[in-house]
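The values are calculated or read from the model by the stated rules, or taken from the named source; none is laboratory data. These numbers were taken from a predicted model, which means no experiment stands behind them. A quick note on method: Cβ atoms are made from the backbone with ideal geometry, for glycine too, and the neighbour counts reach across all protein chains shown.
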Amino acid sequence: MQPYNDHTEKILNAIKIERQANEKKIAVKEDQVELVIFKIGSLTHAFYGADIKEILPYETIAFVPGCPDIIKGIINVRGDIESVLNIHKILQKEESIPTRRSRITIAQSNGIKSGILVDSVEDVISVPTSEIFGSISTLDPGIRYFVDQITLYQGQFVTILDISKLFKKI
Amino acid sequence: MIHSNHETIHRNTFLNIITVNVSSAQLGVNMNQILSIQQFQSSKNDHDQLVYIHNALNLKEKIDYKSPHIFWVKNIAPPIGLILNEPQQIINISIKQIKPLPPIIKKYCIYDAVWGVVANGHEFIVLIDVIRLINGMKYTLNPERA
């Protein structure tokens, strides 16, 4: 069969190019943000997954004399000593007694690494960027500084805490 | 190898550390900094230059001194004794076993005297330089008058 070079063929080529462009658009996945959903008391918050290196079960945190209240102490993570922050104090929330649901999230941002004790880790999820929204002005003053963005999780608004701001504030 | 003003420290240097429980922490003190240890008796030691460890470390938590002992610190004039609970054990550790404090602790811990940690599983010995502690603190001498 000889290749055509007529008007119809030009139209078919144009359609083909259009379809290919559409296919490419479909193939590109929407950007996703990974979030670690956790609880402090009855409130649900999130950390950016990129900032969380590990989630560890609760273990005894050794007290270090001379540290402010926002530092719970230290733990041994496979031979490395890591500090553990008291996020309840940082967010000006009532402290809770650790339970078997408590977790130590090992966070790293701008070269600083530390554990953060949370009451529970609920989930690790990927959220399309279109479902991440700017913060709202009516947030609790205790956490407003740490929140740039919010999202929805199980139908509820969840504040996303910025680890670099947590580390900066302490 | 670490060079200081006075001595050369090898990575295989060993230290004798005496451990003491303070509140929920286990503290370790380099025996090289201790002149002597004696049991504290308020009637006999009233005239001495003494400071309780909870005052020295400014701890909010109350400490139950079940068997108080005086740790007389070397190289301090006039001599000053730290009152701690009775010593638990003396352990010989290589400096390779000593871990530096995490940067956040280093930055926010108010004492330079807290200088390192020895980890044994989930148990820790927090190392305290008692000479730095005494030189750098605002403490109350003579517990009976405190």
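When the residues of segment B:23-66 are filtered to those that are in a helix (DSSP H, G or I), loosely packed, with under 12 Cβ neighbours inside 10 Å and over 13 Å from the mean Cα position of the chain (by Cα), which remaining residue is nearest to the other protein chains (Cβ to nearest Cβ)?
So the first thing to find is which residues in segment B:23-66 are in a helix (DSSP H, G or I), and the list is B:31-33, B:42-45, B:53-56.
Imposing the further condition that a residue be loosely packed, with under 12 Cβ neighbours inside 10 Å reduces the set to B:32, B:42-44.
Next, from what is left, pick out any that are over 13 Å from the mean Cα position of the chain (by Cα): B:42-44.
Numbers: B:Ser42: 24, B:Ser43: 29, B:Lys44: 28 Å.
Selected residue: B:Ser42.
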Next item on the list: Within segment A:137-163, track down each residue that is surrounded by fewer than 12 Cβ atoms within 10 Å (Cβ to Cβ) and β-branched (Val, Ile, Thr).
Entry: A:Thr138
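Being modelled with pLDDT of 90 or more and either of a type outside the set (S, T, N, Q) or more than 15 Å from the chain's Cα centre (by Cα) (or both) is the requirement here; does A:Gly79 meet it?
Judged against the criteria, A:Gly79 is not a match.
Would it be correct to say that A:Ile116 is aliphatic (A, V, I, L, M), farther than 24 Å from B:Val118 by Cβ and within 21 Å of the chain's Cα centre (by Cα)?
Numbers: aliphatic (A, V, I, L, M): yes; farther than 24 Å from B:Val118 by Cβ: yes; within 21 Å of the chain's Cα centre (by Cα): yes.
So A:Ile116 fits the description; yes.
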Notebook entry, point to check: Taking only pairs six or more apart or across chains, which ones have beta-carbon atoms under 9 Å, a first residue in segment A:76-99 that is more than 15 Å from A:Ser120 (Cβ to Cβ), and a second residue that is aromatic (Phe, Trp, Tyr)?
Noted result: A:Asn76/B:Phe124; A:Ile81/B:Phe124; A:Ser83/B:Tyr108; A:Leu85/A:Phe167; A:Ile90/A:Phe146; A:Leu91/A:Phe146
Next item on the list: Starting from residues that are more than 14 Å from chain B (Cβ to nearest Cβ) and of a type in the set (A, V, I, L, M), keep the ones in segment A:114-136 and report whichever is surrounded by the most Cβ atoms within 10 Å (Cβ to Cβ).
Entry: A:Val118
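Would you pick out the residues in segment B:86-109 that are within 14 Å of another protein chain (Cβ to nearest Cβ), farther than 19 Å from A:Ile61 by Cα and surrounded by 14 or more Cβ atoms within 10 Å (Cβ to Cβ)? I'd like the intermediate steps shown before the answer.
From segment B:86-109, those within 14 Å of another protein chain (Cβ to nearest Cβ) are B:96-109; that's our starting set.
Okay, now just the ones that are also farther than 19 Å from A:Ile61 by Cα, so B:96-97.
The answer is B:Gln97, and nothing else.
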Note to self: Just to be sure I understand, how many residues within segment A:36-65 are surrounded by fewer than 21 Cβ atoms within 10 Å (Cβ to Cβ) and either of a type in the set (Lys, Arg) or within 14 Å of another protein chain (Cβ to nearest Cβ) (or both)?
What the structure shows: 8
Next item on the list: Could you grab me the full set of residues in segment B:67-85 that are closer than 20 Å to B:Arg132 by Cβ, part of a loop (DSSP other than H, G, I, E, B) and not polar (S, T, N, Q)?
Entry: B:Lys74, B:Ile76, B:Ala77, B:Pro78, B:Pro79, B:Ile80
Notebook entry, point to check: How many residues are touching an Asp or Glu at 6+ places or on another chain (Cβ under 9 Å), within 10 Å of another protein chain (Cβ to nearest Cβ) and not in a strand (DSSP E or B) if we restrict to segment A:74-107?
Noted result: 0
Next item on the list: Could you list all residues from segment B:110-140 that are at the interface with chain A (Cβ under 8 Å from one of its Cβ atoms) and in a strand (DSSP E or B)?
Entry: B:Val114, B:Val117, B:Ala119, B:Glu123, B:Phe124, B:Val126, B:Ile128
Check: So how many residues does segment A:108-125 have that are out of contact with any Leu (no Cβ under 6 Å at 6 or more places or on another chain), closer than 20 Å to A:Leu43 by Cα and in a strand (DSSP E or B)?
Finding: 8
